[in-house]
Amino acid sequence: MLSRCVATDTGVFATEYWGRKPLLTRTTALPRDFSDLLSPTAVDELIAERGVRAPFIRMAKTGDVLARSCYTGPAGFGAEMPDQVDSAKVLAEFAAGATIVLQGLHRLWPPLIDFVRGLTDDLGHPVQANAYITPPDAQGFEHHYDVHDVFVLQAAGEKRWTVHEPVRQHPLDSQPWTEHRDAITARVRDAPIIDTVLQAGNALYLPRGWVHSARSLDTTSIHLTIGVSALTYLDVVRAVVDTLAEDEEFRKSLPMGIDATDRSEMASTTSKVMAQLADALRERAADLSDAAAAQLSDRHSQRTRPVAVRPLATMDAMTAAGTKRVRWRHGLIGTLEHLGGQVCLRLPDRTITFPDSCATAVEALQHGLVADAETLPGLDHADATVLIRRLFREAVVVAVEDAQG
């Protein structure tokens, strides 16, 4: 999916652009436009017919986010939830110059569900998809920066973008642009790095921290913001430190009588603890590394979600487990461990145990094997059928004809 967003070689993008500098790509250099991902007709369908609820929708005008009551309301008998989109209210605000923001489309709209899953695989970091629908000659948000990388994909209409260098390099979630308003105001007085009109089919990559704003021209603009929440070096450090919660030495209270307001005393205490930390890292590097790796892997799985399963189709597949070809559920992260006469499959939310005789089959599926009860390694047809039925029930595998991603 990355090749749909940038025209450069993947290796070049990784070394020269990823997290470093913006990249503008015109339609002629890309495989196709983005109308298959979102179109004006699709936007109308989402607003008028799909029962979208807040916070999957919000609206903004000239930097201010509108109150939900401006565009939501109850949906009538049988759907009394008060936060559903009111299409007539949306029309009124849109006609008055407000931008429609459709959020979390990677959970709502099938073309973007598949696109985001593929881009997550390409980048190795969690990805989300929002859409911004701006009426002619309007601006939804003032100059700002994002705390995640973005791919801006212009789906319809045109929008003028201005991009300036960061006022803070690689900002974290805890370092939003609102804390640097004065610096941003000063920065936008400088000449922009990019000042261009994105036309339908154009793409723009912006690393987190780059200051930008956008304004529609004389037609309605629809663009997708594909956000990437990059795992950082600090995340790795925090995961290592978090593993020390299992070490009683680091759980001890500091000595009674310390003066936490005395910076000199606290600096001395910090130096001692840092030395203790360095010793722990030296002596138990392998154990701490393994524990931190498990934590990072679990966090990634919680933020990306495997592809969805179809409950009714899966129930049907369970009854025909002896003949179904199956594959591992795309995006499901699990670890296999041998414990005595059993093999444990540790998933982010639970642990499943099987007889040790199933280990070869489960491991083969986890590593990409597509098989049925006849070809699953290490088991006869009857035992393989039982295993496949169990893996269906636990949403670990999917039938090949139902597989997505």
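The values are calculated or read from the model by the stated rules, or taken from the named source; none is laboratory data. Every value quoted in this text rests on a predicted model; they were computed, and no experiment measured them. Neighbour counts run over all protein chains shown; Cβ positions are idealised from the backbone, glycine included. The protein model used for the area step is the full one, side chains on, heavy atoms only, and it has no ligands, DNA or RNA in it. Shrake-Rupley method; radii C 1.70, N 1.55, O 1.52, S 1.80 Å.
Look at the range 227-249 and say how many of its residues are assigned to a helix (DSSP H, G or I) and either acidic (Asp, Glu) or more than 30 Å from His125 (Cβ to Cβ) (or both).
Going through the range 227-249 one residue at a time, the tally reaches 5.
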Positions within the range 51-98 being part of a loop (DSSP other than H, G, I, E, B) and open to solvent by 60 Å² or more (accessible area, probe 1.4 Å), in sequence order: Pro55, Phe56, Thr62, Pro74, Phe77, Gly78, Glu80, Met81, Pro82
Residue in the range 209-217 that is within 34 Å of the chain's Cα centre (by Cα), closer than 30 Å to Arg160 by Cβ and of a type in the set (Lys, Arg) present: yes
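Residues checked against (1) within 23 Å of the chain's Cα centre (by Cα); (2) over 27 Å from Arg107 (Cα atoms):
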site	(1), (2)
Met1	yes, no
Tyr17	yes, yes
Arg20	yes, yes
Ala29	no, yes
Ser35	yes, no
Leu46	yes, no
Ala54	yes, no
Ile57	yes, no
Lys61	no, no
Output for the range 1-59, where each listed residue is closer than 23 Å to Ile133 by Cα, among the β-branched types (Val, Ile, Thr) and in contact with a helix residue (DSSP H, G or I) (Cβ under 7 Å, 6 or more places away or on another chain): Val6, Ile47, Val52
Check on Val273, β-branched (Val, Ile, Thr), out of contact with any Leu (no Cβ under 9 Å at 6 or more places or on another chain) and modelled with pLDDT under 95: no
Pairs, first under 15 Å from Arg160 (Cβ atoms) and of a type in the set (Ser, Thr, Tyr) in the range 190-208, second modelled with pLDDT of 95 or more and open to solvent by 20 Å² or more (accessible area, probe 1.4 Å), C-beta under 7 Å, six or more apart: Thr196/Leu24
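Keeping to the range 250-267, report how many residues are loosely packed, with under 11 Cβ neighbours inside 10 Å and in a helix (DSSP H, G or I).
Of the residues in that region, 4 qualify.
Restricting attention to the range 120-137, which residues are closer than 23 Å to Arg58 by Cβ and buried (at least 19 other Cβ atoms within 10 Å of the Cβ)? Let's see the steps before the verdict.
Here is the first cut: in the range 120-137, the residues closer than 23 Å to Arg58 by Cβ are 126-137.
Matches in the range 120-137: Pro126, Val127, Gln128, Ala129, Asn130, Ala131, Tyr132, Ile133, Thr134, Pro135.
Just the residues that are assigned to a loop (DSSP other than H, G, I, E, B), among the aliphatic types (A, V, I, L, M) and crowded, with 19+ Cβ neighbours inside 10 Å, please, taken from the range 139-175.
Going through the range 139-175, the residues assigned to a loop (DSSP other than H, G, I, E, B) turn out to be 139-143, 145-148, 157-158, 165-175.
Retained after the next criterion (residues that are among the aliphatic types (A, V, I, L, M)): 147, 167, 172.
Across the range 139-175, the qualifying residue is only Val167.
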Trp210 vs. criteria modelled with pLDDT of 95 or more and open to solvent by 20 Å² or more (accessible area, probe 1.4 Å): yes
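Filter the range 7-28 down to residues that are among the β-branched types (Val, Ile, Thr) and touching a residue at least 60 places away in the same chain (Cβ under 8 Å) and give me whichever is surrounded by the most Cβ atoms within 10 Å (Cβ to Cβ). Full working, then the answer.
Quick first cut of the range 7-28, residues among the β-branched types (Val, Ile, Thr) only: 8, 10, 12, 15, 25, 27-28.
Those still in the list that are touching a residue at least 60 places away in the same chain (Cβ under 8 Å) too: 10, 25, 27.
On the way: Thr10: 13, Thr25: 19, Thr27: 16.
Here the answer is Thr25.
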Conditions (1) open to solvent by less than 20 Å² (accessible area, probe 1.4 Å); (2) farther than 30 Å from Leu119 by Cα; number of the one not met by Leu198: (2)
